[in-house]
Amino acid sequence: MNPFKELNASLGGDWEETNTIVRLFFESAQEQLNNLNQALAQEDREQIAYAAHQFAGASGTCGLTELSGLLRELEHAAPQADWPQLAQQLNRIRDGVTAIRSQWDASQSNNAPT
């Protein structure tokens, strides 16, 4: 099942509320990606783990389990992984957010997530 439909079902079928939550998620996602980029640039392992943990929770709450899984991987890798590996994981997360955003935007042209 589509995570947007699952979220909508958990909200009693209220597409307006679903839209609000998804919009807030994407605003937060951009902020969290910025935090992760900054922490990576500063080579701050603790901040990478913390930001990944927060972002994973928000993703999971919205039913975005694949994205949440990628973020949990980053969170657990942060203490010991080498910097190129962490950068690669962050790129996968960015790509995941972009794909989710594209899916959401496409669903909006149909007036309800598919």
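Numbers below:
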| read-out | value |
| --- | --- |
| For peptides 29-35, 69-75, sequence by mean Cβ density within 10 Å, most packed first | 69-75, 29-35 |
| Long-range Cα-Cα pairs in region 35-114 (distance over 18 Å), rounded percent | 42 percent |
| Length gained when the stretch Trp15-Ser28 is fully extended (0.36 nm per residue, less Cα-Cα span) | 2.7 nm |
| Integer Hz, Karplus 6.51/-1.76/1.60 couplings in order for region 65-74, x for Gly and Pro | 5, 5, 5, 4, x, 4, 5, 5, 4, 4 |
| Listed residues Phe26, Leu67, Tyr50: farthest to the positive end of the dipole of the chain (Cβ charges) | Leu67 |
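Laboratory data are not the source of any read-out in this text; all were calculated from the coordinates shown. Note that the structure is a prediction, hence the values are computed from the model and not measured. Cβ atoms come from the backbone with ideal geometry, glycine included; neighbour counts cover every protein chain shown.
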